[in-house]
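Here's the structure, in structure tokens; my notes come after.
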Amino acid sequence: MLERILELEFANLGTFTARHDRDWGYLFLNENQPVYYDANHAHVRKPVNHPEKVVDEVSAFYQAKNIIPRFYIYNPAEQPALLRELKTRGFGYEEFATPVQLWDQKVINLERNESISIEEVTEANYQETLEIECSIKEIGGREVREKALKEEFDHPAYQHFLLRYNGVACSTACIFAHGRQARMESVATLEEYRGKGLIGYIIQHIQQEVQKQGFENLWVFPINERVEKVYNRYGFETVVTLTTGHAFLGGKSITEIQNG
């Protein structure tokens, strides 16, 4: 299961970054978005035998492009030498638990609400979608989403959807597809429209689309336990929780970004 989850993650990253393979993992790079952290990270998947060489390589690779060196480290408990080397070099470090949830294949049953309509994102409603996503700090804010949404909109692996409440555009979500696997992404609602249960309707729509298009699974990676509990109510079960280390030589931590 872990390999399938990581394959989906790396396929997603590959839609907006250049991937450089190494024997210990990958270097991901998007020079057009130097402040988009997820687009510019070294991902360490395998045990590192010579941590000093890996840190030298990653640091030189990103610094040559004026990008802060950052690492995602899977199974950090198995990489004590690498963690020591990073801390010796002055990298900040944090660990976080990432729940991975899988849909139970049952479309949630919600009462019809005439105030709600959902449509696919097109050129006609693109700007409305952008304004919603740019308002959500947890997914990067305007600095990240303005460019990222354009790349996703132009890529065939993504389908974006917009929910209106009484005609007002107020919520978004998208499907990322890789083979027969789908992942729900960019679930966002304007702050003044939260608490009305709108997220359930857009999740229901995503589930209907996934079922209609014949995907084998629908995954979601909640960013924290609070979001995990929300998705639990809509047919998503936590199948594994990944522990990931994040090392960074400057700028904000992931925790700081998520907390605004």
Residue check, VAL239 against (1) part of a strand (DSSP E or B); (2) under 14 Å from the mean Cα position of the chain (by Cα), all met but one. Which one?
-> (2)
Search segment 1-16 for residues that are of a type outside the set (D, E, K, R) and at pLDDT 90 or above and pair each with any residue that is open to solvent by 40 Å² or more (accessible area, probe 1.4 Å) and in a helix (DSSP H, G or I) when their beta-carbon atoms are under 8 Å apart and the residues are at least 6 apart or on different chains.
-> LEU13/ASP38; THR15/GLU151; PHE16/GLU151
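Would you check if LYS53 is touching a Phe, Trp or Tyr at 6+ places or on another chain (Cβ under 8 Å) and open to solvent by 80 Å² or more (accessible area, probe 1.4 Å)?
Working: touching a Phe, Trp or Tyr at 6+ places or on another chain (Cβ under 8 Å): no; open to solvent by 80 Å² or more (accessible area, probe 1.4 Å): yes.
No, not satisfied.
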Could you please give the count of residues in segment 202-260 that are crowded, with 17+ Cβ neighbours inside 10 Å and of a type in the set (Asp, Glu)?
-> 2
Which residue pairs have Cβ atoms under 6 Å apart, sit 6 or more places apart or on different chains, and have a first residue in segment 121-138 that is within 17 Å of ILE202 (Cα to Cα) and a second that is in a loop (DSSP other than H, G, I, E, B)?
-> THR129/VAL121; ILE132/LEU190
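Just to be sure before I move on: is THR255 of a type in the set (Val, Ile, Thr), within 18 Å of ILE132 (Cα to Cα) and touching a residue at least 40 places away in the same chain (Cβ under 8 Å) in the structure I sent?
Working: of a type in the set (Val, Ile, Thr): yes; within 18 Å of ILE132 (Cα to Cα): no; touching a residue at least 40 places away in the same chain (Cβ under 8 Å): yes.
No, not satisfied.
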Could you list, in sequence order, the residues of segment 140-174 that are in contact (Cβ under 8 Å) with a residue 40 or more places away in the chain and β-branched (Val, Ile, Thr)?
-> VAL144, THR172
Those helices (runs of 4 or more DSSP H) lying entirely in segment 62-165 with at least 1 residues surrounded by 12 or more Cβ atoms within 10 Å (Cβ to Cβ) and polar (S, T, N, Q) | 126-134
Find the residue count for segment 202-231, including only residues that are free of Cβ contacts under 8 Å to residues at least 60 places away in the same chain and within 24 Å of TYR165 (Cβ to Cβ).
-> 7
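The values are calculated or read from the model by the stated rules, or taken from the named source; none is laboratory data. Computed from a prediction, not measured in an experiment: that's the story for all the values here. Heads up, the Cβs are rebuilt from the backbone with ideal geometry, glycines too, and the neighbour counts pull from every protein chain shown. Accessible surface is based on the protein model in full, side chains and every heavy atom, while ligands, DNA and RNA are left aside. Shrake-Rupley method; radii C 1.70, N 1.55, O 1.52, S 1.80 Å.
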